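Colleague: I have a structure here, written as structure tokens, and I will follow up with some questions on it.
Where a number appears in this text, it was derived from the coordinates with a stated rule and is not lab data. What you see is a predicted model, and the numbers here were worked out from it, not measured in a lab. Note that each Cβ is placed from the backbone with ideal geometry, even for glycine, and that neighbours are counted across all protein chains shown.
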Amino acid sequence: MRRALTLAAVLLTLLTLPTSVTGSGVALAHIGRDVQAPLDALQWVVHAYNLTFACFMLACGSLGDLYGRRRVFAAGAATFAVASLVSAVTTHILLLDLARGVAGAGAAALLTSGSAVLSTTFDGKARDRVFAALGIVTGAGLALGAMAAGTLADSLGWWWFFGAHALLMVPVLAAVPAMRESRGRAAAGVDRPGTGTFVGGLLLLMLATVEGPQWGWGSPGVLGLFAGAAVLLAAFVLVERRRRHPMLDLALLRNGRFMGLCLIPVVVSFSFVVLLPLFPNYLIVANGLDSRAAGATMLLMTVPILVAPIVAGRLVGRGVSARTVFALSLACLTAGLVWLAVTLAPGMDAAALAGPLITLGIGLGLNFGLVDGAVLTTIAPTEAGTAAGFLNTLRLGSEAVAIAATGAALVNLTRVRLPSTPSPKAVANSVNAGDITTPLSWLPQQEQPAFLTAVAHGITGAWQLVLWACAAICALLSITIWVLLAQRTPAPHPDSAREREPITSTSRSRANCRSTEAEPHEPHEPHEPHGPHGPSLSA
């Protein structure tokens, strides 16, 4: 019974957290109209959550090692619930942004400690089944988040989207007493200098990127933010080189195959992830959809995540190298962007969008989870925790930066393509937030149809340029990854497999969970259907 409650709580958590990423963008248009917020402040509803989620995972992993994973899980659930409740009741955009940032920190604690709790609760084949279930549930959360947000925002109001998150944490907290406590055997403590410089540098970088279109890219404020980000990130590198137990082991940068695997999530960030919070707003403005219909359209991109990983597993199981599967995945991601850029036009229906969006979903699904397992073939078993930390920091950090940069580019490009208006910046901000009502209120009724047509073509042109730029980035990264994965690295010794801590797509943030002390049985040797060291990378 205790194990069942533990599993149910973590599965519910892993279903909830991805919806906050995919659904918040769909709710932006409703939030903007209700609180009358400018786009730069409105975008932080998405950016604040992504930023703190990315930056606090490693610190939360260390806290779990020090003070107990169950305790950190409970603290994360309470933090996420309170922050979501504040998000649901506030009418002030700055408080909403702050609450979303706090929710991201709670999500980091939930993800790091939740997967670690399961690893100490289950063993053997049961643990394999549990982590497979986590992958399915995470994919379901990604798939359903946009549609759920659109449905709630249209029918009950956007605040119910965040209120639902708070309510879902109630049964999670109720299950905490049933969980087993565990700590790391040799927790090194929280890397405070590393965490501080990394979080500060990434925050300044994102702030400069988001505010660039508003303040001007050459303004002293934006240039100062970029300079501050560069200084803090350089300080982070220096700090990590000198610490005995760094947050990120920079020596891993010299491992070519490992770096190739770590760059795959960056391609995902610039192809699949950037569309999740931003493309629904395009569908609302250019295609005239409501939030519910826009969210349902995004299912074309997210539902394949539930199927494609099964296909990838069967391909590898039949002898296809992981490197080949990764190449197919990257090709689908890049081709999906190109296809969407070529065909994108105002008024496109779901059938016309199906091809590129499904291709993008297949591209992510083919590497969903496979990357994390393949990392084990490139490193020593004793480096598994550090490697997971590096991979997941780069994964979530690139997601946060990619969304911020893409949103800023869309505002700039839309502004220069709009018809003459008293405030082109304000119009560009509104339409990229999915709000066409406010700009129309400035115009006489007879001028509105022509203005709507001009806006739809202007935002479409901006999206096409952004998609081409993202496709070029993905193509260059894909070539680099293919070359890096061809390099040879020594395989871990078979006898050390038992020391390994499983790294899965749904336990991304077990970065610092290097060991546990709660299991009386022998450590579990991961199920390895693809050989003694996981899926082969050889061509």
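Colleague: Say each of Val237 and Ala8 gets a label point 7 Å from the Cα, pointing the same way as Cα to Cβ; how far apart are those two points in nm?
Modeller: Computed distance between label sites Val237 and Ala8 equals 5.1 nm.
Colleague: Further question: For every helix of n ≥ 4 consecutive DSSP H residues, a contribution of -39,500 (n - 2.57) applies; sum these over the chain, divide by its total residues, and give [θ] at 222 nm rounded to the nearest 500 deg cm²/dmol. Spell out each step's value before the answer.
Modeller: Numbers: 20 runs with 383 residues, N = 539.
Result for the chain: -24500 deg cm²/dmol, rounded to the nearest 500.
Colleague: Multiply the residue gap between Asp349 and Ser155 by 0.36 nm, knock off their C-alpha separation, and tell me the result in nm, one decimal place.
Modeller: Working: separation 194, 0.36 × 194 = 69.84 nm, distance 2.26 nm.
Full extension of this stretch gives 67.6 nm more.
Colleague: Let me ask something else. Scan the range 192-292 for chymotrypsin sites (Phe, Trp or Tyr not before Pro) in coil per DSSP, keeping those whose Cβ has at most 16 other Cβ atoms within 10 Å, and list them by number. Before the final figure, lay out each step's value.
Modeller: Details: sites: Phe198, Trp215, Trp217, Phe226, Phe236, Phe258, Phe270, Phe272, Tyr282; in loops: Trp217.
Listed in order of number, the matching sites are Trp217.
Colleague: If you keep only loop residues by DSSP, which trypsin sites (Lys or Arg not before Pro) in the range 88-167 have at most 13 other Cβ atoms within 10 Å of their Cβ? Mind dumping the intermediate values first?
Modeller: Working: sites: Arg100, Lys125, Arg127, Arg129; in loops: none.
Nothing satisfies the criteria.
Colleague: So if we plug the beta-carbon distance of Glu447 and Gln36 into 1/(1 + (r/R0)^6) with R0 = 30 Å, what FRET efficiency do we get, rounded to 0.05? Display every interim value, and only then the final one.
Modeller: On the way: r = 23 Å, r/R0 = 0.78.
Taking R0 as 30 Å, the efficiency between Glu447 and Gln36 is 0.80.
Colleague: Also: If you take the alpha carbon radius of gyration of the chain and divide it by 2.2 N^0.38 Å, what ratio comes out, to two decimals? Each step should come with its number before you reach the end.
Modeller: Working: Rg = 22.5 Å, N = 539, 2.2 N^0.38 = 24.0 Å.
The value comes to 0.94.
Colleague: Work out, step by step, the length gained on full extension between His245 and Ala380: first 0.36 nm times the residue separation, then minus their alpha carbon distance; give nm to one decimal.
Modeller: On the way: separation 135, 0.36 × 135 = 48.60 nm, distance 1.67 nm.
Additional length available on full extension: 46.9 nm.
Colleague: For Asp290 and Leu95, calculate 0.36 nm times their separation in residues minus their Cα-Cα distance, and state this gained length in nm to one decimal.
Modeller: Numbers: separation 195, 0.36 × 195 = 70.20 nm, distance 2.64 nm.
Going from the current span to full extension adds 67.6 nm.
Colleague: For a quick check of your reading of the filter: which trypsin sites (Lys or Arg not before Pro) in the range 132-234 sit in a DSSP loop and have no more than 14 other Cβ atoms within 10 Å?
Modeller: Values: sites: Arg180, Arg183, Arg185; in loops: Arg180, Arg183, Arg185.
The qualifying sites are Arg185.
Colleague: Okay, next question. At R0 = 25 Å, how high is the FRET efficiency between Arg314 and Val342 if r is their beta carbon distance? Nearest 0.05 is fine. Let's see the in-between values first.
Modeller: Details: r = 31 Å, r/R0 = 1.25.
My answer for the efficiency is 0.20.
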